[in-house]
Each structure stands twice: as C-alpha cells, then as structure tokens.
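Structure first, commentary second.
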C-alpha cells in the first residue's frame, strides 16, 4: 500500500512552517517501511501532482486557520479536508485545494485522505514559530506515527547514541 505523508507550509512565515517542521521531526525520529513516503511539499501546489500517483492513503500536515486558539490541533478526514482550506491561510493552501481537485479529475485522489494540523498564532514574515505551535509539534508527530501504525505501516524509532 502506497502512503504519502505530505508536510505543507512556508518556512519564511512563522507558524506556517509547521508542516515542514513535522516532516523534519518525523524523518529525524523514525525510519519508515517500504511504501511510505514522507515529503516536505513546501508551497509547491500543483507541482505535487506526481507525488499523488498511485497513493492509496494521503496524510497532509499543515497550519490552518480554524478560528481556534493558537496551538490547537485538528484532525480532519475525507471531504472535510478540502472544505477546511476554503478559508485560505496562505497562498499554498489555494494550491492544495487545486491539487486535490485536479488529482480527483485525473483519478489520482487517494481513497483515504487525512489532515493533521494546527491553528497558527502568527503567519507574518519571520522564521520563528510561536510557543503554542512549537508545543504542538511533538503531539502531531506522535499522532502521525499512530495513523501510520493504524494503517499497517508503523514507523520504527531511530536509535540515537549519545556522544557520537
């Protein structure tokens, strides 16, 4: 089964870097079974279409404005995902709506679609995530790992050796 974990966001806009940060932590902490790809999609939009070909389960990670307190974590599934991006947080999220729509038209929309995200505090130009969003990173990394395990593709923790 082909699974894609896709982190989205702009690392130059404070909390909008969330998706890429989650992907970086996942890669640092885990190795993944065959068939699982973990990709930092940045703000690529429609350029990500080739990554969706043959994918059966898509897990998107991003910051999204849902009107909640900063750092609030969300999990959405199926049709809830494109609707969540109707109130665009940043330019790349229009690209995500387009990406999902074009993938569906091409017959490449994965049958299982999950979104894991966080309510941002600041999406202004800058390279420092706000404390509530930073505090949500470990939780979302853990939840993504749990989703993968539930899909029969558990990530394996990387063993780190102190001092070397």
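Here are a few things to note about the model shown:
- Annotation note: Cβ proximity below 7 Å between a residue of the stretch 88-109 that is within 19 Å of residue 57 (Cβ to Cβ) and a residue that is at pLDDT 85 or above and in a loop (DSSP other than H, G, I, E, B) (sequence gap 6+ or interchain) occurs for 100/109; 103/109; 108/53.
- Residue match in the stretch 7-26 (condition: touching a residue at least 12 places away in the same chain (Cβ under 8 Å) and more than 27 Å from residue 121 (Cα to Cα)): no
- Filter pass, residue 39 being surrounded by fewer than 19 Cβ atoms within 10 Å (Cβ to Cβ), without any contact (Cβ under 8 Å) to a residue 60 or more places away in the chain and within 12 Å of the chain's Cα centre (by Cα): yes
- Screening residue 28 with (1) out of contact with any strand residue (DSSP E or B) (no Cβ under 8 Å at 6 or more places or on another chain); (2) modelled with pLDDT of 95 or more; (3) not in a helix (DSSP H, G or I) gives one miss only, at (3).
- Among the residues making up the stretch 142-164, those that are within 11 Å of residue 29 (Cβ to Cβ) and in a helix (DSSP H, G or I) are 142, 144, 145.
The values are calculated or read from the model by the stated rules, or taken from the named source; none is laboratory data. Only a predicted model underlies this, so the values are computations on that prediction, with no experimental measurement involved. When we count neighbours, we look across all protein chains shown, and the Cβ atoms used for this are built from the backbone with ideal geometry, even at glycine.
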